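Below: one structure, written as C-alpha cells.
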Amino acid sequence: MLFLVLVVIVIVLGFFMIQQLDERRWQRYQFERDMFFRDHPLLLQDIDDFDYALKLSHAMQRKIITELMLKLTIQPIYKKMRLQRLPEIRQEKYHIQVLLNDIKIGELDRNYAQQCGERLVKTDFEIGRPIEVLAEILVLRKNSHELTCQIHLSLPQDPTQIANLLVAEQASLKSKVQMPHSQ
C-alpha cells in the first residue's frame, strides 16, 4: 500500500516537473522567435511613391524631431520604420503600430490596417513578425521658432496590394547568412 502511494506521488511530481519544463521551453522558443523576427523583418519591394501619410500628434512630432535631432531642410530625410501587429482589441482584429527605433510613433488607419492584416494572414506578420518600410520625413517650419514634421510611408495606396509587394524572405536571408566553407 505504501509502495502504491509513493508511486502515485512520484507520478504526480513527475507530471508537474514535465509541465514546468515544457512551459519554460515554450517561453524560450517565443523569446528566440521574437529575437529572430526583430533581426529579420519582412521586407517590401521598393516603391517610388510615399502614398501613406501617417497622422502624428504635435507631441509626437516634437519627440521625433528631438529624438532624430532633425533640422529644417529642403530635402526629405529617409528612415526605415517597422509595422508591428498589436494584439486583437475588441472587435478589431488588426491594429498595426508604426515604430521608429523601437519607439511607437503612431498607428495605421483602422480600415487600412484591417485590409493589410487580412491580406497578410498566411505570413509571419500574423504571429508578430514586423514589416520594414521606408519612410520619408519632411521637416517644416510651423512658425518663427517651432518646427513640425510629416511622415509618409512607402506603402501602396491600395492596402490589398501589400501581400504582392512582400520580398521573398529566402533571397534576403541568403545574402545575410554566410555559408561555411567545405574542406
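The values are calculated or read from the model by the stated rules, or taken from the named source; none is laboratory data. Please read all numbers here as calculations on a predicted model, not as lab measurements. Methodologically, a virtual Cβ is constructed for each residue, glycine included, from the backbone with ideal geometry; neighbour enumeration extends over all protein chains shown.
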If you go through the range 74-82 one residue at a time, do you hit one that is under 16 Å from the mean Cα position of the chain (by Cα) and part of a helix (DSSP H, G or I)?
no
Only one of these is without any contact (Cβ under 8 Å) to a residue 60 or more places away in the chain, charged (D, E, K, R) and under 19 Å from residue 133 (Cα atoms): 34, 22, 46, 39. Name it.
39
Run down 124, 102 and say which single residue is surrounded by 14 or more Cβ atoms within 10 Å (Cβ to Cβ), under 20 Å from residue 38 (Cα atoms) and of a type in the set (D, E, K, R).
124
Scanning the range 70-102 for residues that are touching a Lys or Arg at 6+ places or on another chain (Cβ under 8 Å) and β-branched (Val, Ile, Thr), which turns out nearest to residue 53 (Cα to Cα)?
98
Considering the range 150-170 alone, what residues qualify as being at pLDDT below 85, of a type in the set (A, V, I, L, M, F, W, C) and surrounded by 11 or more Cβ atoms within 10 Å (Cβ to Cβ)?
162, 163, 165, 166, 167
Kindly indicate whether any position in the range 73-83 is surrounded by fewer than 12 Cβ atoms within 10 Å (Cβ to Cβ) and either free of Cβ contacts under 8 Å to residues at least 12 places away in the same chain or of a type in the set (A, V, I, L, M) (or both).
yes
Any idea how many residues of the range 62-94 are closer than 14 Å to residue 130 by Cα, in contact with a helix residue (DSSP H, G or I) (Cβ under 7 Å, 6 or more places away or on another chain) and at pLDDT below 85?
1
How many residues are of a type outside the set (A, V, I, L, M), surrounded by 14 or more Cβ atoms within 10 Å (Cβ to Cβ) and farther than 15 Å from residue 78 by Cβ if we restrict to the range 39-57?
2
